[in-house]
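Engineer: Have a look at the structure that comes next, please.
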Protein chains: 2
Amino acid sequence: MAKKIIIDTDISTEEKIREAARKVFTKKGYAATRTRDIAEEAGLNLALLNYYFRSKEKLFAEVMTEKVQQLFGVIAPIINDPSTQLNTKIVRLAESYIDMLSQHPDLPIFVLSELRNNPVQFTSKMQIGPLIKDSILIRQLIEKRPAINPLHFITNILGMAIFPFIAQPIFLSTAIMDARQFKVLMTERKTLIPVWVNGMLEIEPHSKTDKTNKHEE
Amino acid sequence: MAKKIIIDTDISTEEKIREAARKVFTKKGYAATRTRDIAEEAGLNLALLNYYFRSKEKLFAEVMTEKVQQLFGVIAPIINDPSTQLNTKIVRLAESYIDMLSQHPDLPIFVLSELRNNPVQFTSKMQIGPLIKDSILIRQLIEKRPAINPLHFITNILGMAIFPFIAQPIFLSTAIMDARQFKVLMTERKTLIPVWVNGMLEIEPHSKTDKTNKHEE
DNA sequence: GTCTATAACCTGATAGAC
DNA sequence: GTCTATCAGGTTATAGAC
């Protein structure tokens, strides 16, 4: 009956490197990161990086794949849940993203700025395109507002949750707000975003658009 | 009466370098850019970069300052115009940003990702903080909706205009949409954003928020 | 002002001892 | 597995001819 409890306080060297790489790559980006920075951050020698991961590029690829999934993995289970209504999906998207990004504020700017160079390599396997385009959420949005492209609403939901984190460095450094205020605002946003988006789904846009575009579509 | 018309088709070498630097830095970021790339892009020799600008860093600083102003300069004249109403300011912000970013789609991701490293150096002189916090727009937003922090609405207006361009590489590479569709959507957004934001300003959020924050402000 | 050649430095990767 | 020492290649910056 004597339980053997082994508390593994020692993290493996490989994981130490991976963790350091996550931190440094995420903060500085691939090109600005030196393998020496990662080694130092891990409290280890440079040679060990190449022993465990063959090259800087391969180490980066592991981190990047992980981070892309961290950023986009949130979406899939929510937008394709057949048991939830439109409104619930919006609530969950806002909450999940704001909670997750509060823990990892520099995730979006890292992923999006690295992805602009070679987007296909890291997104192709996740099938993000079909995942979104054929999603239940899209179907529900079309049903609710057939006249407006549903991608507008998806962009808005994600943008209202993610954009503040992308702009955070400017907010803080220009004293538009401080870290405490930012946290308060992001908590408020979890309830405000669904309210706002529901509003968008109800509003009938003025027929002003017809006047400006008289020519045929 | 013989007019001397001198058409200056030759751009000065200095301007050729600056133009090439704008292009390469904006596309690849500071760290990933090699001075050789810029020289090649300009069709010139590497040594000339150091002749005209003392170093890669100084050349970058010039480009960066310019780009920061390009991205944030749009805001100032609109949000502090005493002759326009709240709604007009929203319309102008959406239109100006979407028009400008349609011409320079990779501007936001470049500026925001470079700014995360040393934000103060490039934003301090523009006084972006006071410019926004003491703006007429903020006053008008508070007047219209005293219960909600006006920064929410500013974040939303800017986010709905800018975020699509930040996400554009993913949209295109994952085939969520193609370039033509993106253009159509962004044109629609110029009229939709003001409609949506006006909606936000009218909606009375459920009193649910009061329950969560019982403490005094 | 513009070029070629090269210096001075930095960075990723490896060899080899322990 | 982990370290020190070092190599090979690339990058910024400059010297010096034209």
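Engineer: Looking at B:Glu204 and the list (1) assigned to a loop (DSSP other than H, G, I, E, B); (2) modelled with pLDDT of 95 or more; (3) acidic (Asp, Glu), which single condition is not satisfied?
Structural biologist: (2)
Engineer: Determine whether A:Thr33 is within 16 Å of DNA strand C (Cβ to nearest atom), within 14 Å of chain B (Cβ to nearest Cβ) and part of a helix (DSSP H, G or I).
Structural biologist: So A:Thr33 does not fit the description; no.
Engineer: With in contact with a Phe, Trp or Tyr (Cβ under 6 Å, 6 or more places away or on another chain), within 14 Å of DNA strand C (Cβ to nearest atom) and not polar (S, T, N, Q) as the only criterion, which of B:Glu14, B:Glu41 stands out?
Structural biologist: B:Glu14
Engineer: Taking the stretch A:19-30 as the search range and keeping residues that are without any contact (Cβ under 8 Å) to a residue 60 or more places away in the chain and within 15 Å of DNA strand C (Cβ to nearest atom), which one is farthest from the other protein chains (Cβ to nearest Cβ)?
Structural biologist: Across the stretch A:19-30, the extreme among qualifying residues is A:Ala20.
Engineer: Under the condition of being part of a loop (DSSP other than H, G, I, E, B) and not polar (S, T, N, Q), which residue from the stretch A:36-49 is surrounded by the fewest Cβ atoms within 10 Å (Cβ to Cβ)?
Structural biologist: A:Gly43
Engineer: For A:Val74, indicate whether it is under 14 Å from A:Ile162 (Cα atoms) and either within 16 Å of DNA strand C (Cβ to nearest atom) or under 12 Å from the mean Cα position of the chain (by Cα) (or both).
Structural biologist: yes
The values are calculated or read from the model by the stated rules, or taken from the named source; none is laboratory data. Note that the structure is predicted; figures quoted are calculated from it, not measured. Quick reminder, even Gly has a Cβ in these numbers, built from the backbone with ideal geometry, and neighbours come from all protein chains shown.
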